[in-house]
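Worksheet: the structure to be examined is printed underneath.
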Amino acid sequence: MEVVKNYTVHVDSKKCVTIRGAAYQYYNVKEYRNGCIILEPRELNVPESISARTLSDMDRAIANFKKCNVVEAVDLSDF
């Protein structure tokens, strides 16, 4: 694999490093015991559609609501 950039970074007071000119907004980080850190770019995508399982769960929840088969309201006044 060809090296495109090579520079030194330091960890700041918040234990963060800055990636100069990062091509992606999100990275998956793998840190190994020997000190190596692997950054893999991630692109977050909006799903094309809602899964069949989720739609089934939503239908079941609405059916229970219409049957008044719901739990008691949670009292959050103490918070």
**OP:** For the chain, set up a Gaussian network in which alpha carbons nearer than 10 Å are linked by springs, and say which option among Val17, Val46, Val29 fluctuates the most.
**Re:** Val17
Subject >> Separation of the Asp78 and Leu55 label points, Cα + 7 Å toward Cβ, nm >> reply: 4.2 nm
**OP:** Give me Rg over Rh for the chain, both radii from the alpha carbons and Rh done the Kirkwood way, two decimal places.
**Re:** 1.26
Subject >> Rounded to the nearest 20 debye, dipole of the chain from Cβ charges on Lys, Arg, Asp, Glu >> reply: 260 debye
**OP:** Would you mind counting up the charge near Thr18? Only other residues with Cβ under 15 Å from its Cβ, with Lys and Arg at +1 and Asp and Glu at -1.
**Re:** +3
Original post:
With all protein chains present, how much of the accessible area of the chain (probe radius 1.4 Å) comes from carbon and sulfur, to the nearest whole percent?
Top reply: 54 percent
Subject >> Residues with amide H under 5 Å from that of Tyr27, placed H, sequence gap 5 or more >> reply: Arg42
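Counting Lys and Arg as +1 and Asp and Glu as -1, what is the net charge of the other residues whose Cβ lies under 14 Å from the Cβ of Asp59?
So the surrounding residues net to +3.
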Subject >> Area accessible to solvent at Ser77, 1.4 Å probe radius, in Å² >> reply: 90 Å²
Original post:
Taking Cα atoms, how many degrees apart are the long axis of helix 52-66 and the longest axis of the chain, rounded to 10 and kept between 0 and 90?
Top reply: 40 degrees
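The values are calculated or read from the model by the stated rules, or taken from the named source; none is laboratory data. Quantities reported herein were computed from a predicted structural model and do not represent experimental measurements. Heads up, the Cβs are rebuilt from the backbone with ideal geometry, glycines too, and the neighbour counts pull from every protein chain shown. All accessible areas refer to the heavy atoms of the entire protein, side chains included, with ligands and DNA or RNA removed. Shrake-Rupley method; radii C 1.70, N 1.55, O 1.52, S 1.80 Å.
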